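Please read the structure below before turning to the comments.
What follows is calculated from the coordinates using simple rules that are stated; it is not laboratory data. In this text the structure is predicted, and so the values were computed from the model without any measurement. Note: ideal-geometry Cβ built from the backbone for every residue, glycine included; neighbour counts use all protein chains shown.
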């Protein structure tokens, strides 16, 4: 039995997200599984590093699957890219040790959120960035972003109700990179709560636009009340860039 | 009577090109005219700097139109961008002298052709670049491109049959700019023949891949035989970036 690891890029605009939903043809996992199952004659199930929401993109989602196929890696990748729709691309295929698990062994992930910061929208970036016409204070946004770095209880910055599960997470870094009007907010962390990045982004942008203050972040960490934070910005600005693994 | 000049960006993937075709709703000109006509109550006709083919994009198409409307420029632009589909954006609207004509007064244009040069295609650049998996010799392609700069009879590099109209044109510059795997070929010239850039690109890429030789370019300038040149690369890699005007 082989264990295959693959790295997948997708433009999420047309999909209901990564995770397969019954027989729906509208998920990335479903698309890939159908092709692999046809290719191998086995019923292939792939394990992704984690879900991505409807409309969210990936430069480097990672998944693995077990197969008895003896195809070469090259032939496998070529077959996948020939039959996958053009908005899903398998960038790399590797044989990995049997114990490798794309979700359990992920130690951290990099996500980027892109905004298009201009009074006029962009015809090209419309599905891959959130259009923000506000004049933003980048120095304040940098300060705001650094308040999220480190180990915190992110309950107030997630869509979760208070639950028994811990909402403590560690964000390793947040970087703001300007590419002209297209601005990237790169997050690296061990794991993120549901909607955590999109709510943090809504909060950073509210501070940049002067609708919230830096001190509000501390207050929300203390209160844990999600309603005090910024809006949940749209999924279509979010990219899963990279998944980092421990040695297995 | 006002004369309004506008700069338009569009993602051409869904359109049959710039130029209106009867009542078709599938051209950029048609989309804009419909909105302007509804906005002003007049029958507005816009004059573009030139056509762009089906699937071709623009960062800076220029057009003008006459109107008796007294709307502010700001209100006009806002109205257009509110009602236009999100893949067409009006970037600028200006009052210009009555005699300004977007086609007649254009003195040169900048186009860019993008290729995605990697064995694996790109999920994101798929509609905005031509996927080339060949290993390309960039130094040879630079030399090839410089052979097209200057004043030449481009008959062999156009889709025109021999006609009474001159096929002599001047290309001011061709620059190759690498953005990682995405490579831009930027053309500036006083005007281009039908398919000229796409055939020149097919020829440069054939030379880069070793399927044609540098000397072939000279031979085609001499023979004027289009069949000797490279393929016509797809429209979806082509962008009209900018139109330059004389003072009017």
Per-residue Cβ contact counts at 10 Å, fewest first, order A:239, A:221 as A:221, A:239
Relative contact order as a percentage, region A:1-140, C-alpha pairs under 8 Å and 6+ apart, gives 29
With one decimal in nm and the nearest listed first, the spacings from residue B:170 to its own position in the other copies, using label points 7 Å along Cα-to-Cβ, are 6.5
Candidates A:219, A:54, A:63; GNM for chain A (alpha-carbon contacts under 10 Å) flags as most fluctuating A:219
Classified through the alpha carbon gyration tensor (a ≥ b ≥ c as square roots of its eigenvalues; rounded if a/c is under 1.5, else prolate when a/b is larger than b/c, else oblate), the protein assembly as shown comes out oblate
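Mean separation of Cα pairs under 8 Å and 6+ residues apart, divided by the residue count of chain B: what relative contact order is that in percent? Mind dumping the intermediate values first?
Details: 544 pairs, mean separation 58.8, N = 248.
So the answer I get is 24 percent.
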For B:20, B:198, B:99, B:51, ascending order of other Cβ atoms within 10 Å (fewest first) is B:99, B:51, B:20, B:198
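Where does each of A:116, A:18 land when they are ranked from fewest to most other beta-carbon atoms within 10 angstrom?
Numbers: A:116 21, A:18 26.
Listed from fewest to most nearby Cβ atoms, that is A:116, A:18.
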Inter-copy distances for residue B:83, label 7 Å out on the Cα-Cβ vector, sorted ascending, nm, one decimal, are 4.8
Rounded to a whole number, the mean other protein chain Cβ count within 10 angstrom for residues of B:119-128 is 6
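Report the extension gain between residue B:134 and residue B:247 in nm, rounded to one decimal, defined as 0.36 nm multiplied by the number of residues separating them, less their alpha carbon distance. Don't skip to the answer; put the middle values down first.
Numbers: separation 113, 0.36 × 113 = 40.68 nm, distance 4.42 nm.
Difference between extended and current length: 36.3 nm.
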Taking the label point 7 Å from Cα along the Cα-Cβ vector, the copy-to-copy distances for residue B:25, listed from shortest in nm with one decimal, are 2.4
Within the set A:101, A:57, A:152, GNM on chain A using Cα springs under 10 Å gives the largest fluctuation to A:152
If one builds a Gaussian network model of chain A from Cα atoms under 10 Å apart, the most fluctuating residue listed among A:164, A:66, A:147 is A:164
Length-normalised contact order of region A:166-248, Cα under 8 Å, at least 6 apart, in percent, tallies to 24
Computed, not fitted: 222 nm per-residue ellipticity of the protein assembly as shown from DSSP H runs ≥ 4 (each -39500 (n - 2.57)), nearest 500, equal to -7000 deg cm²/dmol
